[in-house]
Amino acid sequence: MNAQAKLGRGLYLGLLPLALGVLAMVQPGSLSHWFPFPTSCGAITGLPCIFCGTTRALHFLLQGEFGRALYYNWLAFPILVAAVVLYLLFAAELSLDRNLLARLPRPHFRPRSLGVFLTGLVLLWVFQVYLAVSQHKTELLNPRGPLYSLIVR
């Protein structure tokens, strides 16, 4: 493994626990006053995106509040699992001094597979919008957004 790959993996191993620690301690709702612009596409369009609520969901997941994490965005669970698996993989790569990711098969994107992937993303977005509207998640919806009036009546 080259020095640049080792540096990148070492940074990931050092920064992931730090980022998760900060995320566990800081309430995500308190961060919005630091930014001079809307922090989510739901605030702009009126409807939540696929990842709207994920920061809050990860915060509650790290706090052990699984129900609240599930309420905000169920994708926090696979995202956290993927981050931990990647952390363990990078730790193994650094300890063995071998690039284990190079042995994984590379996906080949063809027009059909790209279409299937994009269709899946659209369906996932529709599911997130359905959950937000049906469960009245007002913190993820913006009634003044242009798409809100088209979907919610």
(message) One residue is enough: does region 57-65 have a residue meeting the conditions of a type in the set (S, T, N, Q), without any contact (Cβ under 8 Å) to a residue 40 or more places away in the chain and loosely packed, with under 12 Cβ neighbours inside 10 Å?
(response) no
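Give the residue that is modelled with the highest pLDDT, with candidates limited to residues of region 80-121 that are over 30 Å from Leu23 (Cβ atoms) and among the β-branched types (Val, Ile, Thr).
Thr119
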(message) Condition (residue is of a type outside the set (A, V, I, L, M, F, W, C) and buried (at least 16 other Cβ atoms within 10 Å of the Cβ)) applied to region 97-115: is it met by at least one residue?
(response) no
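Could you say which residue among Leu150, Leu141, Leu94, Leu124 is free of Cβ contacts under 8 Å to residues at least 24 places away in the same chain and of a type in the set (A, V, I, L, M)?
It is Leu150.
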(message) Suppose the filter is surrounded by 12 or more Cβ atoms within 10 Å (Cβ to Cβ), on the phi < 0 side of the Ramachandran plot and in contact (Cβ under 8 Å) with a residue 12 or more places away in the chain; does Leu86 pass it?
(response) yes
(message) If I filter region 43-56 down to residues being modelled with pLDDT of 65 or more and of a type in the set (Gly, Ala, Ser), which single residue comes out as surrounded by the most Cβ atoms within 10 Å (Cβ to Cβ)?
(response) Gly53
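The values are calculated or read from the model by the stated rules, or taken from the named source; none is laboratory data. For clarity, every value in this text was computed on a predicted model and none was experimentally measured. With ideal geometry, Cβ positions are generated from the backbone for all residues, glycine too; neighbour counts draw on all protein chains shown.
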